[in-house]
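For reference, the structure is listed below as structure tokens.
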Amino acid sequence: MIKFFRHIRKSLLMENKTSKYFKYAIGEIVLVVIGILIALQINNWNENRKQHKDDIVFLKTLKTELALDTIALTQKVLSYTNMNLKLEKTLQLFKAKNQITKSEYQLIASAIKSIEMLTPINKNTQINNLNLANGMLMRIDKQLNQEYLNYLESTNYNNDIITKLGVTLQTISIQHVFSKFDFSTQPTSSTEIELYYHFEYSEIRNDRLVKNSINKSLFYRSFCIKYAQWQKEIATKLLYDIDEFLNGKIETND
């Protein structure tokens, strides 16, 4: 092709057709420019297509991680709720019974274990931290980015509260509850050991500090359940919006 154009230029010069040569030269330049523009357009299209695929992979991964967060929050709420049910049942037994059965004794022992149990929810949204830090979500969609920042803020806020209340319950348990119990351990397998709580029911039943500790544990945990449910609502809304955005993005590309 290059030899063909070179032959035309040479023929025009040899025939002294200067005006035609200049017209030809301009035409050749125009063709080169058009070729460059087409090449740039193809390159931009390829880059945009690659970025589009990367964005979809990123959003799908983020969606998966948020889904894992909602599962963890659901499990934590269920766990907290079960602990509170045992503690409420314990208070009911204190009020209603002078003597308890073996199963009720075991329920109280299990409930007492949970007085100090209040720990933050582990987050799963960590794989994409580098992409998030580099502003990938901000580039993809500002609204989604703002929603995600709100989710992170709520998560950090909730975990701070849970951590502080958990430390308080641990202190209360040590000072006002565990001193009323005797502890022993028993192997449950070759690798695990369970802690057993032994107590005199008549002693703890009328102990004001024990009952106050149980009530505080109930209150703090109920408070954290509400915040965990709120956090789950934010994550669920964000999941829905990411899903909607993905559907639109995939359809647009198709």
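Which is outside any loop (DSSP other than H, G, I, E, B), modelled with pLDDT of 90 or more and open to solvent by 70 Å² or more (accessible area, probe 1.4 Å), of 82, 44?
Among 82, 44, only 82 is outside any loop (DSSP other than H, G, I, E, B), modelled with pLDDT of 90 or more and open to solvent by 70 Å² or more (accessible area, probe 1.4 Å).
Do any helices (runs of 4 or more DSSP H) entirely within the stretch 128-236 hold 2 or more residues that are at pLDDT below 90 and surrounded by fewer than 18 Cβ atoms within 10 Å (Cβ to Cβ), and if so, which?
Where helices (runs of 4 or more DSSP H) fall fully within the stretch 128-236 and carry at least 2 residues being at pLDDT below 90 and surrounded by fewer than 18 Cβ atoms within 10 Å (Cβ to Cβ), they are 129-133, 136-140, 142-172.
Please go through (1) part of a strand (DSSP E or B); (2) of a type outside the set (Lys, Arg); (3) open to solvent by 60 Å² or more (accessible area, probe 1.4 Å) for residue 240 and return the number of the only condition it doesn't satisfy.
(1)
Can you work out which of the residues in the stretch 108-118 that are surrounded by 18 or more Cβ atoms within 10 Å (Cβ to Cβ) and of a type in the set (A, V, I, L, M) is farthest from the chain's Cα centre (by Cα)?
108
When you look at residue 95, is it modelled with pLDDT of 90 or more, among the charged types (D, E, K, R) and either in a helix (DSSP H, G or I) or open to solvent by less than 20 Å² (accessible area, probe 1.4 Å) (or both), yes or no?
The answer is yes for residue 95.
The values are calculated or read from the model by the stated rules, or taken from the named source; none is laboratory data. Computed from a predicted structure; not experimentally measured. Every residue, glycine as well, gets a Cβ built from its backbone with ideal geometry; the counts of neighbours run over all protein chains shown. We work out accessible area using only protein heavy atoms, side chains counted, and drop any ligands, DNA or RNA first. Shrake-Rupley method; radii C 1.70, N 1.55, O 1.52, S 1.80 Å.
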